[in-house]
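Below is one structure, written out as structure tokens; the observations come after it.
The values are calculated or read from the model by the stated rules, or taken from the named source; none is laboratory data. Here the structure is a predicted model, which is why all the values come from computation and not from measurement. As a convention, Cβ positions derive from the backbone with ideal geometry for all residues, glycine included, and neighbour counts pool all protein chains shown. Protein only, heavy atoms only, side chains kept; ligands, DNA and RNA dropped before computing areas. Shrake-Rupley method; radii C 1.70, N 1.55, O 1.52, S 1.80 Å.
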Amino acid sequence: MEEQQIILKRTHMTLSFNEGRAVYSPKEGVMTHHYPKFFFDEAEFREAVGDNIEGAVVVYTVVDQDSRTSHPDPDGPIQAAPVGGFVHSDTVCKIISAQPGQPRGKH
């Protein structure tokens, strides 16, 4: 499997922990047509990344991936409705390694 990497940014908005999983949603709070989510085992994530999460570099392999497109009907002229719809992709990841980010206040 090919290794990939992601840099964790805006983690106060984009990272959550739920039911034993760390979920990183890099486009959370951003208007775009593509909303990817990356799922990691929470214990594995905390062990690899540690406490300095912001700016951490996570090297991973893809365990499973799913993508779907939604085509909502806009309620008004200013509501977003991209021509191809919204793409939602979910990627389940296995962490290979991680480089911790900067301590808080050191960005």
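Side notes on the structure shown:
- Gain in span if fully extended, Ile96 to Val59, counting 0.36 nm per residue against the direct Cα distance: 12.8 nm
- Difference of contour (0.36 nm per residue) and Cα-Cα distance, Ser70 to His12: 18.2 nm
- 3J(HN,Hα) along the range 16-33, derived from phi through the Karplus expression 6.51 cos²θ - 1.76 cosθ + 1.60 where θ = phi - 60°, amounts to 9, 10, 7, 6, x, 10, 9, 10, 10, 10, x, 9, 4, x, 10, 7, 7, 8 Hz, with x in place of Gly and Pro.
- Largest to smallest accessible area among Ser25, Ser97 [probe 1.4 Å]: Ser97, Ser25
- Model label points for Asp51 and Gln4, set 7 angstrom from Cα along the Cα-to-Cβ axis, are 3.1 nm apart.
- Within the shell of other residues whose beta carbon sits under 15 angstrom from the beta carbon of Gly20, the net charge comes to -2, with Lys and Arg scored +1 and Asp and Glu -1.
- In Å², nearest 10: area of Lys9 left accessible to a 1.4 Å probe: 120 Å²
- Each other residue within a Cβ distance under 9 Å of Arg10 adds +1 if Lys or Arg and -1 if Asp or Glu, for a net charge of -1.
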